[in-house]
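Rule-based calculations on the coordinates, nothing more; no lab input. In this text the structure is predicted, and so the values were computed from the model without any measurement. Using ideal geometry, Cβ is built from the backbone for each residue, glycine included, and neighbour counts are taken over all protein chains shown.
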Amino acid sequence: MSTEQFTKRGRINRRSLTHGFDPYLTGAVLGLLVIGTLLVYAATRSWYAANGLDPQYYLKRHIINILIGLFLALGTTLIDYRLLRAYTPIVWGIGVVGLIIVLIPGLGSEINGARAWISLPGGFQVQPAELAKISIIIGMSMILAERTHGSDQPTHKDVAQALLVAAIPILLILAQPDMGTILIISASVVVMIAVSGAPSRWVVGLLILALVGGFTAVKVGVVSEYQLKRLQSFVDPTADPQSSGYQLRQSRITIGSGGFVGKGLFNGPQTNGRFVPEQQTDFIFTVAGEELGFLGSAGILLLFFLILVRGFRIARRSQDPFGRLVCTGVIAWFAFQAFENIGMTMGVMPMTGVPLPFLSYGGSSMFVNLIGVGLLQNIHARQRG
Amino acid sequence: MNQRVRLNMLVTQVLIISLMLALFGRLFYLQVGAGPRYRDAALSIQSRDIVNPAVRGLIVDSSGVPLALNQVGLAVTVDRSITDKQTDKGIGVLTRTAKLLGLRFTDVYRHTRLCGELPVGDQAGCWTGTRYQPIPITKSADPDRALQIVERADLFPGIDAMPVAVRNYPGIDGVNAAHVLGYVGPLTESDLNATDGAHYYRSESIGKAGLEYQYDSFLRGTPGIRTVIVDRKEAVTKESQNTPSIPGDHLVTSLDVTLQASTERALADAVSRARSIGYRADGGAAIVMDVKTGRILALASYPTYDPNIWEKGLTVKQAKDLFSEATGVPALTRPLQGQYAPASTFKAVSLVAAANAGYDLNASYSCPAQVTVGDRDFQNFESKAQGRLTMKKAIAISCDTIWYQIAYDEWVRDGGLSPKSNANDYFFAAARGFQVAKKTGIDLPSESVGRLPDRQWHTDWYNANKNYFCNYQSRASKKELTPFLIALAKENCIDGDKIRGGDAVNFSIGQGDTLLTPLKLTQMYAAIANGGTLWQPTVGRAVVKADGTVVQEITPTVLGKLPASKTTLDFLRGALREVVVSGTAAATFSGFPLSVSGKTGTAEVFGLNTNGTKKDNTSWFASFAPSEKPRYAVVVMVSQGGFGASTSAVGVRKIYETLFGVTGSTVDPKKAVFPDGPPTKLPKISATTKVVKK
């Protein structure tokens, strides 16, 4: 993807694309997309074939999702991110409306105890909470980057406004409830406040709030029984052998049994026997663990590592606070989501239903992840010097 | 960017990078550190071993006639993992199943309980296997009824019917041989955890008693294992290995179906004859041994039971009866597990002792009605004075008082109550030479050992019991505080560790504390017959593969030589012949066309039966024949059977009739069980071999 390609079509302001795309970031993301495609196929082919279904069902849909996602990512890079600020209220507004629609019975569908999906004609489903991640990051960045009082850093009022921008979607997601997404968004919010230059007491206060909030959520019962079960099975994997605990144990066994070199792609008996439920979505990392072994799984971690390192580099070099905040927000989101997901499959994080960026099957997640990468590239491409 | 923003950026990067490093660490631990453990865990999730049991080897007699074979039965099984989850714990379905099969619910219920689930002491009929396998409630279900179970699976959840291999003891020619053959049964937890290196599979049956137990490692074979890889729905996706089962080896025994059946009948007849004249006759044993090899040709125990009841599904009553005193404990293998005082049959040992001590066997000795030792009178058995007798005659008519005198004299010579350090102990030495206190070493499990009450035994016994006897008044129960028992306790307290005159006297006629198994006595008489060689008795002759190749021949082993000169043994054999010619067994064998040698024994038994009556005498007849060229030793014992001659000797005569082909007073050598002696060649093995009628 060179910048020339786009200039030929005359759709890109050449002056603002001084750097082009970060090739390492591009390479790492494409690498993960390829690996993810293979893993999704590996996770579904034999089970679907054994049950008389099209073994390539998921493979085909996954590839379509990737193509749509890449298209969206490219689109994201087209508009100068500095102009993106103008659209921020619209992006944020769409996200919030989506989250409201999902809660309306008849429009939103409930899966695994959470109202997180809007069913569309043709069997497609969208998950507004995914889009909300982008909305929150851009919305907060806009407010925190505004320097209304000529100050070098956000005032208390700015921070309060930014938190309000985040709080509305978070509360709506809490109503679904989708604790995994809330966890990831909250962590990203704290990081964004911290790097915005806001007074330190905000950061400290938010951390305390997170702890108290988490504690009361469990105590008061905001967290549903379904959530509690998942949390419990994290603490004691034998508590509910038929469901969450079973899944966690199978997940760990599947990864562990891969050993150093793995069983070979498409050759994992745990994967082919479908012992880990939801393997092509939230537990895609177990396929890598079993079939590609430590070498392959560590390779995936390294690619994530590379994405994060390059993301931070873009953030550091960003010319303006808005770009820096968006970058940091996106990176924090990727990092926490990857950590939560992979940590869950290996039994070091509680079980929440978040997909692994770039690898898991699932349209909404794939789209917003690639839009996030688009944002990073957008900012990279428009850096000076 | 100001300082704080820079710092916060740095902190954020460090935090996020450490999260990634933590994932690396965890990944390394799971896949490299704990990898092998998880690999095993995964394997146990994915793979299933399907055990295809091996066909158990046959047990055949010396001419190839099957004693144990396999049949196909229809088993109805209960899967506890399903029935236990039903709201009524499976009571309903078990009731329906019992009704359908015409079984008693209590039997079905108990069969499906693990032994540990039933109270101790009331576990008869319990399942000795594990909870994780289908538990058979019968293996001989009626096909029509079993079909209903399969067709109406909704009415019988957790119940299944399937064809299984059933061990069958065909009982050809009416043979029983339950005690020799033993039986097979499910594995127990302790079998599975056995440390003897044996590797079992849960669904296997193993030998539990008798030859089935002794030769189990040969008979069992190796089950075939099909390992399959399954998916989450337990659907088989792949076969990872498939080893065919290897059928078990056959066991050729030295038993003969015709002789065994005849021996069993002779023993049962002896018991009923004793009962008909008023004796309690609560059990018996009969053994036929080849004196040249020690091979067992027939071995019977009374009372017996149907060996097929185990596989048919023991009812609770059957299980209790096997070990009940009221039914005579049929499970006890009396020939090798029962211990009895040998009485006069033991005089063969005493005669060797006397010869070794220098007594002239050709001299005459007086046989008074009684001999006084210390303050007690020891009576001749029939309390009759016989005047002076030759030693031969004394054996023939079974004079006791001769032995009292000799034993007492020797006891005095050895120092009496203050024994010399170099005491000769001719009697004990002779008994040791006959290996009285050693097991015969027969290839059957759970053999009991006899008791030789020599000086060491008395010392040990005294050390174990002196506290009791020396505090008898306070330790004994009220019922036991009779003047006689108090006096006896006092005596035992004072010098219970010593061989007293009375002990020596009792020992010489096989009474007192001396105990033997019938098999041990058979081994001793076989040695007398064959010139002094003590053979290790064997039932198994050879282990033969399904294709006919011999895996192992069980060769006779010599355990020792009798401590007697040829002259002594010649004299002894002559005296034993005289018993049958003119002595205690003469009437029983009158008109018998072949020469038999033997000795009667009538042992007094102390103690009471459970109903309070005094115990009747043990009846013995130990023998060998033909007298001139002995080949077979035959011993019959009937406990509480009365006189040796009238009860046991008659049984022995019947066994010889079959052995030699005797009808009345004529011999037809062609009708003999072994016209040319016990077979030396191994027979062809087939489940359909028939007995050759003579």
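Table for the structure above
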{"item": "Mean Cα-pair separation over length for chain B, i.e. relative contact order, pairs under 8 Å, 6 or more apart, %", "result": "16 percent"}
{"item": "The range A:318-367, Cα convex hull volume normalised per residue, Å³", "result": "89 Å³"}
{"item": "Two-site FRET efficiency, A:ASP320 against B:PHE28, from Cβ-Cβ distance with R₀ of 41 Å, rounded to 0.05", "result": "0.50"}
{"item": "Cα centroid of the range B:446-460 to Cα centroid of the range A:293-343, whole Å", "result": "86 Å"}
{"item": "nm² value of the averaged projected area, convex hull over the Cα atoms of the range A:295-348", "result": "3.7 nm²"}
{"item": "Diffusion coefficient, µm² s⁻¹, Stokes-Einstein with Kirkwood Rh over alpha-carbon pairs of the range B:39-192 at 20 °C and 1.002 mPa s", "result": "121 µm²/s"}
{"item": "Ranked list, fewest to most other Cβ atoms within 10 Å of each Cβ, for B:THR243, B:THR227, B:THR304", "result": "B:THR243, B:THR227, B:THR304"}
{"item": "Peptide A:328-336 - average C-beta neighbours from other chains (10 Å radius)", "result": "2"}
{"item": "Mean residue ellipticity (222 nm) of chain B, computed from DSSP H runs ≥ 4 via -39,500 (n - 2.57), nearest 500", "result": "-10000 deg cm²/dmol"}
{"item": "Point-charge dipole on Cβ atoms (K/R +1, D/E -1) for chain B, about Cα centre, debye to 20", "result": "720 debye"}
{"item": "The range B:280-369, relative contact order [Cα under 8 Å, separation at least 6], %", "result": "22 percent"}
{"item": "Computed magnitude of the charge dipole of the protein assembly as shown (debye, nearest 20; Cβ of K, R +1, Cβ of D, E -1)", "result": "2060 debye"}
{"item": "Mean-position separation - Cα centroids, the range B:63-128 and the range B:332-376, in angstrom", "result": "53 Å"}
{"item": "Chain B - convex hull of alpha carbons, volume per residue in Å³", "result": "265 Å³"}
{"item": "Centre separation in Å (Cα based) which lies between the range B:571-609 and the range B:215-270", "result": "44 Å"}
{"item": "Kyte-Doolittle at least 0.0, axis length at least 27 Å by Cα - qualifying DSSP helices, chain B", "result": "B:3-28"}
{"item": "Size of electric dipole in the range B:606-658: Cβ of Lys, Arg +1 and of Asp, Glu -1, about Cα centre, debye, nearest 20", "result": "40 debye"}
{"item": "Packing rank of B:409-415, A:191-197, where each peptide gets the mean count of other beta carbons within 10 Å, highest leading", "result": "A:191-197, B:409-415"}
{"item": "For the protein assembly as shown, with +1 on Lys and Arg beta carbons and -1 on Asp and Glu, the positive-most of B:GLY278, B:SER446, B:MET524 along the dipole", "result": "B:SER446"}
{"item": "Around B:ARG295: net Lys/Arg minus Asp/Glu count, Cβ-Cβ under 13 Å", "result": "-2"}
{"item": "Local net charge near B:GLY174, Cβ-Cβ under 9 Å (Lys/Arg +1, Asp/Glu -1)", "result": "-1"}
{"item": "D_trans [Stokes-Einstein, Kirkwood Rh over alpha-carbon pairs] for the range B:383-453, 37 °C, 0.692 mPa s, µm² s⁻¹", "result": "219 µm²/s"}
{"item": "Local electrostatic count at B:GLY64 - Lys and Arg +1, Asp and Glu -1, tallied over other residues with Cβ under 12 Å", "result": "+2"}
{"item": "Ascending count of other beta-carbon atoms within 10 Å, so fewest first, for B:TRP461, A:TRP117, B:TRP620", "result": "B:TRP461, A:TRP117, B:TRP620"}
{"item": "Exposure proxy order (Cβ contacts within 10 Å, fewest to most) of B:ARG6, B:ARG577", "result": "B:ARG6, B:ARG577"}
{"item": "For the protein assembly as shown, alpha-carbon Rg relative to the globular expectation (2.2 N^0.38 Å, N residues)", "result": "1.47"}
{"item": "Anisotropy class of the range B:110-204 from Cα gyration tensor, a/c 1.5 cut", "result": "oblate"}
